[in-house]
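Just below is one structure, and these are the notes that go with it.
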Amino acid sequence: MSDCIFCKIANGEIATNFVAETELSVAFWDIAPQKPVHVLVVPKEHHSNVGELAFANQAALVDLIQLGDKVASQLSTGSYRFTFNTGAEAGQTVFHAHGHITSETPKEQLV
């Protein structure tokens, strides 16, 4: 979609430093983090929400989950949340499927 901010980020139209990238997905830091670790994992292909993605492209959904787990393992202590908001009433504000990786304790804070 031409006006979707996550499509523009995923295709490089809006420059950002990716935390990680695969052929099907990208991960980048949230611009309004809610936790010390807050990374968004976004499919490169536009789908309005994770349910739509699951029905339209199962390979892209699996890739998204695997990339999210990889990012969470690299950035957190191993305890993290991977959440998806679907619909405005659930808190979704960008209507392009995306997951939030959040964690209270970044890996570098381990003693």
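Only the coordinates and a few stated rules stand behind these numbers; no lab work does. Note that the coordinates shown come from a computational prediction; the quantities given were computed from them, not determined experimentally. Positions of Cβ are generated from backbone atoms using ideal geometry, with glycine treated the same way; all protein chains shown enter the neighbour counts.
List of remarks:
- Relative counts (whole %) of C-alpha pair distances in the range 47-111, using bins that are 10 Å wide: 22, 43, 28, 7, 0
- Mean Cβ neighbour count within 10 Å, used as a protection proxy, ranking 13-22, 77-86, 62-71, 44-53 highest first: 62-71, 44-53, 77-86, 13-22
- Computed on the Cα atoms alone, the convex hull of the range 5-94 gives a volume of 98 cubic angstrom per residue.
- For K35, a cut-off of 16 angstrom between C-alpha atoms picks up these lysines, skipping any fewer than 8 places away in its own chain: K107.
- From its DSSP helices (H runs of at least four residues, each -39,500 (n - 2.57)), the chain gives a residue-normalised ellipticity at 222 nm of -8500 deg cm²/dmol.
- Relative contact order of the range 5-94: 25 percent, from C-alpha pairs under 8 Å at least 6 residues apart in sequence.
- Only Lys, Arg (+1) and Asp, Glu (-1) charged, at Cβ; the chain dipole about Cα centre in debye: 240
- Nearest-ten-degree value, helix 58-75 long axis tilted from longest Cα axis of the chain: 20
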